[in-house]
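The values are calculated or read from the model by the stated rules, or taken from the named source; none is laboratory data. A quick note: this is a predicted structure, and the numbers were derived from the prediction, not measured. Only protein heavy atoms, including side chains, enter the accessible area calculation; ligands, DNA and RNA are left aside. Shrake-Rupley method; radii C 1.70, N 1.55, O 1.52, S 1.80 Å.
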Amino acid sequence: MSKTLNEAMPVLPLYEITQAQKLIKSLEDQLSISKNSLLPKQKFSFKSSNKKKTNPLDLSPSCQKQPVSQSTTTPKDEKIVLDPNAICNLKDEEIFIAIKETKDSLHIFNLEGCKVYCGVVTGSVLIENCKDCVLVFASQQVRIHTCINCDFYIFVKSNPIIEYCSTVRFAPYCLDYPLKLDHFKIARFSELEGLWDKVEDFNWLKGGQSPNWNLISENQRIKKLI
């Protein structure tokens with residue numbers, strides 16, 4: 001079900017996406033309870049009461065804690081390298097994702113002051129509630145909700161869609177890495193087909209340019225990253 005939802009994200013309203021994520025989470029919880037009930041009961045034993053305190057973050061069902069590894073192969077300093085299907089609830093982080101292999105879909109939300117450098121996503125990317133971020137990725141589709149003052153350096157095969165956004169800017173995909181050409185072939189992407197500048201603002205029904213987005217001028221764009 002999660003895969004079907006990820007494929008449908010670009011055409012679904014935000015409310016329906018949230019409700020579907022809650023339903024999937026509920027079904028996963030019920031399945032887990034059912035599985036546990038079938039397992040043999042363990043003998044009672046005393047355990048230490050010193051439990052680790054957890055930070056009560058309001059995590060979305062699709063955002064789970066992922067292992068973080070430090071890579072010495074990335075340029076310059078060591079940087080966070082992640083490979084989850086969701087990146088969320090981060091501030092002032094620099095993240096590389098999908099550099100070693102392509103991803104089917106990606107959900108990015110609740111970021112502030114972050115820089116996200118992503119390889120190829122063969123399906124859709126959904127971005128929500130981001131502020132003061134730089135996001136670099138290549139995907140089949142992208143839908144962006146409630147983002148403020150963010151720069152997007154993207155390759156996308158369909159028109160990017162924004163809703164409830166302001167001061168967002170767009171430029172062509174600028175990430176280069178050893179497996180990029182292979183990943184573009186897997187996804188059947190051609191750099192000549194990119195529609196990064198054909199943005200559709202679903203909150204701007206008047207004619208002419210929406211005031212909520214703009215293109216990044218060439219002299220302000222970040223250089224190609226390796």
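Summary table
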read-out	value
Carbon plus sulfur fraction of accessible area for the stretch 129-181, probe 1.4 Å, in percent	54
Linear extension gain, S158 paired with K223, 0.36 nm per residue minus alpha-carbon span	21.0 nm
Probe 1.4 Å, all protein chains present, accessible-area order of Y164, Y117, largest first	Y164, Y117
